[in-house]
Each structure stands twice: as C-alpha cells, then as structure tokens.
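The values are calculated or read from the model by the stated rules, or taken from the named source; none is laboratory data. Predicted model, so just to flag it, every value in this text is computed and none were measured. Here the Cβ positions follow ideal geometry from the backbone for every residue, glycine too, while neighbour counts run over all protein chains shown. Quick note on the areas: whole protein, heavy atoms, side chains included, nothing else; ligands and nucleic acids left out. Shrake-Rupley method; radii C 1.70, N 1.55, O 1.52, S 1.80 Å.
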Amino acid sequence: MNRVSKGLILVLLLVSPAVEGLLVLQLNLVQLTALADRVFVGKCLQVKKATDSNGRPVQYVTFQVSETLKGRPEERITFKQLVLATEERMKGNPGKTLDSDLPTYQVGEEAIVFLSDPSEIGLTAPIGLGQGLFRVETDPEGEKNVSNIYANRGLFVGLKKVPAL
C-alpha cells in the first residue's frame with residue numbers, strides 16, 4: 001500500500017462518524033510553553049458564538065491582558081476557536097471526547113492561556129486544548145489557585161527535579 005492510500009485511510013478513520021473522540025497528547029509545562037505562540041494572564045471579557053465565512057461553528061473569545069508571559073505584549077487578545085459540540089450533545093455524552101477537551105470560557109473569569117499560533121484558516125485554541133487554559137480562582141483566604149481541566153496532572157512529568165536553595 002502506498003503512502004497516499006495509507007494517508008487516505010487515516011483521514012477516513014478520523015472523520016468517520018464511528019469515531020467518538022480523539023486522544024490529546026499529554027504535555028508538561030515546558031512543552032506547553034515551547035509550543036505556545038503567546039502566553040498571557042487575563043480576564044475574559046467576551047465569548048461570542050458565530051458561524052465563520054466557511055460555515056464552521058466558532059466562538060470569538062476576547063481577553064483583557066494583565067500580563068504577557070510570552071509573545072508580543074497586547075492589551076486585548078481576541079481569538080477564533082472552533083466549536084465542535086452543542087451543549088445538549090455534551091450533556092448526553094458523558095464519555096470523554098475531543099468535545100470535552102475543548103476549553104470553554106466564562107465572561108469575568110481570570111485565566112492563564114497558552115495560545116497556539118493561528119492556523120491558515122484563522123482558528124486557534126490553547127495548546128493541548130484544555131491543558132493550556134488555567135483558570136485562576138481565589139479561595140476564601142485570598143490565595144490564588146491555578147488549574148487546568150486535568151487538575152494540572154502531568155505538568156511536571158519528565159522534568160528534572162532541582163534541589164531547593
């Protein structure tokens with residue numbers, strides 16, 4: 001079987017209706033940072049669902065940036081992310097799918113976002129999908145806690161331990 005045939009079979013398998021979900025490679029913090037085009041801390045100002053010019057369901061997400069950790073400093077960042085599932089489908093499908101890995105955003109929430117470079121068609125998302133969006137929450141004592149949808153699992157896998165000074 002030639003390379004073209006193998007590639008075609010792979011594409012057909014990925015778009016097959018029988019495929020319920022895709023696996024997302026687990027990334028550590030160094031990998032998230034290296035792969036990200038931009039990393040910033042900010043507050044979500046707006047989430048606007050729409051259909052783009054190619055008929056794809058998307059959402060435009062706008063953040064007010066309080067700190068730029070990687071990339072060109074900007075006061076506001078708006079990006080276009082693909083929307084794969086309706087809320088009704090997600091409620092009816094408790095299994096883990098790519099849909100459940102896609103980050104969601106709430107207006108007013110503070111987050112650290114490891115954002116990918118926009119694709120050729122203008123779509124972007126956090127690196128590793130839900131791995132690259134860290135919600136910042138303040139506990140009753142005023143301490144800030146930061147976690148992604150995986151409760152930060154795997155962030156330090158494969159990293160060297162350095163003794164404390």
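Could you count how many residues in region 102-115 are under 16 Å from Val83 (Cβ atoms) and not hydrophobic (A, V, I, L, M, F, W, C)?
4
Please specify each residue of region 126-165 satisfying the condition of being aliphatic (A, V, I, L, M) and touching a Phe, Trp or Tyr at 6+ places or on another chain (Cβ under 8 Å).
Ile127, Leu133, Val146
Restricting region 28-64 to residues that are open to solvent by 60 Å² or more (accessible area, probe 1.4 Å), assigned to a strand (DSSP E or B) and of a type in the set (S, T, N, Q), which is modelled with the lowest pLDDT?
Thr51
Restricting attention to region 83-103, does a residue exist that is of a type outside the set (Ser, Thr, Tyr), open to solvent by less than 50 Å² (accessible area, probe 1.4 Å) and modelled with pLDDT of 90 or more? Even if it seems obvious, please write down each step before you answer.
First, the residues of region 83-103 that are of a type outside the set (Ser, Thr, Tyr): 83-85, 87-96, 98-99, 101-103.
Those still in the list that are open to solvent by less than 50 Å² (accessible area, probe 1.4 Å) too: 83, 85, 93, 95, 98-99, 101-103.
Still in the list and also modelled with pLDDT of 90 or more: none.
Looking for residues that are of a type outside the set (Ser, Thr, Tyr), open to solvent by less than 50 Å² (accessible area, probe 1.4 Å) and modelled with pLDDT of 90 or more, one finds none in region 83-103, hence no.
Being open to solvent by 70 Å² or more (accessible area, probe 1.4 Å) and aliphatic (A, V, I, L, M) is the filter here, so list the residues in region 65-76 that pass it.
Passing the criteria: only Leu69.
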